[in-house]
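This report concerns only the one structure given below.
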Amino acid sequence: MTLATVDRYDQEQVSAIGDRAVVVGGSMAGLCAARVLADGFDEVVIIERDSLPDEPVTHDGVPQSTHPHIMQEAGRATLEDFFPGFGEKLLSEGGLLIDGSTEVKSYDEGGFTANPESRLPMYSSSRALFEWVVRWHVTRIENVSLRDECQFSDYLLDNSETAVTGVAFRDEQGAETTLAADLVVDATGRTSRTPQWLEDHGYEAPPVDEVEVDLTYSTIQIERPPDDRRLFFDLPSSPRTRGSAFIPIEENRWEVIMSGVHGDAAPADKEKYVEFAESLPVDELGELVKSQSWVSDEIHQYPFPANRRQHYEQVDDFPDGLVVTGDAIASFNPIYGQGMAVAALDALLLHHCLADGGRANLAPRFFKRAAETIDTVWMLGVGADFDFPQTTGPKPFGTDLVNRYVARLTRQAHSDRVLSEVFARVLRLEQPPTTLFRPNVVWRVFLPSPQSSLTRYLTLARQRTSSTASISQSRSH
Ligand SMILES: Cc1cc2nc3c(=O)[nH]c(=O)nc-3n(C[C@H](O)[C@H](O)[C@H](O)COP(=O)(O)OP(=O)(O)OC[C@H]3O[C@@H](n4cnc5c(N)ncnc54)[C@H](O)[C@@H]3O)c2cc1C
């Protein structure tokens, strides 16, 4: 499921569903869920363990917030629907609106992909700013309250142990307390304890898929000339285990990441960081980290061992009154930059499920629909991860064949702007991956590449024909 294959958000479709909903976790998935729940519940309370001031901050519960975050189109469009004015607020706080066609450079399969034909708008900012602009909007919704510095500890169950009826948590003063709710949403991210809780209470935990990539991110911030808005990325590509990216953010800075998969950890030492940048196949990054001033010498590191997916859609018996969303269902290799868009799409699907049947049988209906989005993103990301023979875990059916096709498509996209755009729209979760297999795309993928002798021959023949035609034309005048 992608943006093109789901109905957009329509607030009018949801009416009175319950008295109170509690969302556990106040990061991207929790905030987006709270937005759609506010349409059907009298009151929505977000319980978040970190302190969240009314300004952009990185926080411990989201350790990835010191690392670059790309917002894919499916996320941008859905957030704009949820929060009219989202983009204007982001830009007024220093975020950028860049053109994915002319200002983004992507290096893959030994070359840069051609500029897509159309403009591809995209927002660029720090993760802290993205999250705060969403939080700013959510906390201004009348029936939503955010209780930060509150640590969730348990779900409350009814006497028959078939329905969650609220949450237990340590409140702002450190006192153990409870809050009743008609619906609880777990948005606690990758460390969600719901699978364990289900087992502890006699339910079946969801089957888990883990695909190991042993990735490390190392991030710095450097100064950026105000008029230089370039965004660059170079993904690791087998057998090359190293990748990099720089993205423009507020305060005239770039965030720069060096990434290494399968143990080729990007360093946390300044000198080695520069050496790592110089070892990459393109000069852009090495030059930048040497020529631009570093905002600080601190290098943030983040280890990401594996993609993880909890198959809640396969669980037969799940308590009423509880739903899980965002990274708590699935967290993906971050180099493809899709988690925030998936969090927004999850909330959009929750909205549709509430509109279609309220709270009745909500969790199975929601998990089934969320699985469709995850299938797409999992196939794109995990599929690409299996390009490395070192990657371990359950390999989706047909991966090797698709990888060979996508590698060829990417090489063709070095010179074919149409292919470059078709592929970009899939990665932006705008269009489904099936668009890569449309006849007009397949045809271009299998055209001889510009470097091949057949293409050189055809080009030469075409040039000869046109010069002969122009000579005979000039003779006839
Ligand atoms: C290094 C890295 C880079 C990434 N880059 C990108 C990118 O470029 N683009 C992109 O779209 N995505 C990216 N992602 C993914 C993205 O960060 C997540 O998908 C997104 O934040 C959605 O996560 P979430 O809200 O489900 O969980 P999280 O962001 O992990 O938030 C969970 C929240 O729950 C709170 N919490 C946890 N336990 C409790 C508790 N017991 N009580 C109360 N609160 C609790 C935490 O404090 C936190 O606020 C990246 C991820 C990583 C690791």
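The values are calculated or read from the model by the stated rules, or taken from the named source; none is laboratory data. The structure presented is a predicted model; accordingly, all values stated were derived computationally and were not measured. Here Cβ is always computed from backbone atoms with ideal geometry, including for glycine, and neighbour counts include all displayed protein chains.
Across segment 198-249, the qualifying residues are those that are among the hydrophobic types (A, V, I, L, M, F, W, C) and assigned to a loop (DSSP other than H, G, I, E, B), and the one among them that is modelled with the lowest pLDDT is L235.
Summed over segment 25-73, residues that are out of contact with any strand residue (DSSP E or B) (no Cβ under 9 Å at 6 or more places or on another chain) and either outside any loop (DSSP other than H, G, I, E, B) or away from the ligand (no atom under 12 Å from the Cβ) (or both) total 9.
A quick yes/no check of all residues on (1) of a type outside the set (A, V, I, L, M, F, W, C); (2) touching a Gly at 6+ places or on another chain (Cβ under 6 Å):
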site: R229; (1), (2): yes, no
site: E250; (1), (2): yes, yes
site: V261; (1), (2): no, no
site: A266; (1), (2): no, yes
site: P281; (1), (2): yes, no
site: E284; (1), (2): yes, no
site: S293; (1), (2): yes, no
site: Q301; (1), (2): yes, no
site: P305; (1), (2): yes, no
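For (1) hydroxyl-bearing (S, T, Y); (2) without any contact (Cβ under 8 Å) to a residue 24 or more places away in the chain; (3) closer than 17 Å to A306 by Cα; (4) in contact with a strand residue (DSSP E or B) (Cβ under 9 Å, 6 or more places away or on another chain), each residue gets a yes or a no:
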residue: V167; (1), (2), (3), (4): no, no, no, yes
residue: E172; (1), (2), (3), (4): no, no, no, yes
residue: A181; (1), (2), (3), (4): no, no, no, yes
residue: D200; (1), (2), (3), (4): no, yes, no, no
residue: D228; (1), (2), (3), (4): no, yes, no, yes
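Within segment 91-108, the set of residues being of a type in the set (S, T, N, Q) and crowded, with 16+ Cβ neighbours inside 10 Å comprises S101, S106. Could you tell me whether segment 319-341 includes any residue that is more than 16 Å from the ligand (Cβ to nearest atom), among the acidic types (D, E) and either modelled with pLDDT of 95 or more or in the same structural domain as I374 (by TED's automatic domain parsing) (or both)? Checking segment 319-341: at least one residue is more than 16 Å from the ligand (Cβ to nearest atom), among the acidic types (D, E) and either modelled with pLDDT of 95 or more or in the same structural domain as I374 (by TED's automatic domain parsing) (or both). In this structure, V185 qualifies as under 21 Å from R309 (Cα atoms), assigned to a strand (DSSP E or B) and in the same structural domain as F130 (by TED's automatic domain parsing).
When the residues of segment 431-460 are narrowed to those that are hydroxyl-bearing (S, T, Y) and more than 20 Å from G110 (Cβ to Cβ), which ends up modelled with the lowest pLDDT? Steps first, please.
First, pick out the residues of segment 431-460 that are hydroxyl-bearing (S, T, Y): 434-435, 449, 452-453, 455, 457, 459.
Narrowing further to those that are more than 20 Å from G110 (Cβ to Cβ): 434-435, 457, 459.
Values: T434: 96, T435: 97, Y457: 54, T459: 46.
Checking each candidate, the answer is T459.
Considering L129, L97, the condition of being among the aliphatic types (A, V, I, L, M), closer than 29 Å to G26 by Cα and not in a strand (DSSP E or B) is satisfied by L129 alone.
Listed by position, the helices (runs of 4 or more DSSP H) enclosed by segment 358-453 that each have at least 2 residues that are in the same structural domain as A163 (by TED's automatic domain parsing) and out of contact with any Gly (no Cβ under 7 Å at 6 or more places or on another chain) are 362-385. How many residues does segment 293-318 contain that are more than 13 Å from the ligand (Cβ to nearest atom) and closer than 14 Å to E372 by Cα? Of the residues in that region, 4 qualify. Hey, can you tell me all the residues within segment 318-352 that are more than 11 Å from the chain's Cα centre (by Cα) and part of a helix (DSSP H, G or I)? Selection gives A328, D346, A347, L348, L349, L350, H351, H352. In segment 1-24, the residue that is nearest to H137 (Cα to Cα) out of those that are away from the ligand (no atom under 14 Å from the Cβ) and assigned to a strand (DSSP E or B) is A21.
Can you tell me which residue is nearest to the chain's Cα centre (by Cα) among those in segment 302-317 that are farther than 20 Å from G30 by Cα and not acidic (D, E)? Give the steps one after another, and end with the answer.
Our first condition is that a residue be farther than 20 Å from G30 by Cα; within segment 302-317, this holds for 302-307, 314-317.
Now narrow it down to the ones that are not acidic (D, E): 302-307, 314-315.
Values: Y302: 16, P303: 17, F304: 15, P305: 17, A306: 15, N307: 13, Q314: 23, V315: 25 Å.
In this case the residue turns out to be N307.
Among residues of segment 13-36 that are in contact (Cβ under 8 Å) with a residue 24 or more places away in the chain, those with a Cβ under 7 angstrom from a residue that is within 13 Å of the ligand (Cβ to nearest atom) and among the hydroxyl-bearing types (S, T, Y), sequence gap 6+ or separate chain, pair up as V24/T188; G25/T188; A29/T325; A33/T325.
Taking first residues from segment 61-82 that are within 14 Å of A4 (Cα to Cα) and partners that are assigned to a helix (DSSP H, G or I) and within 6 Å of the ligand (Cβ to nearest atom), the Cβ contacts under 7 Å between residues at least 6 apart in sequence or on separate chains come to Q72/A341; A74/A341; G75/M340; G75/A341. Would you check which residues across segment 137-180 are in a strand (DSSP E or B) and in contact with a Gly (Cβ under 7 Å, 6 or more places away or on another chain) and list them? If the condition is that a residue be in a strand (DSSP E or B) and in contact with a Gly (Cβ under 7 Å, 6 or more places away or on another chain), then L146, L156, A163, V164, T165, T178, L179, A180 are the ones that fit.
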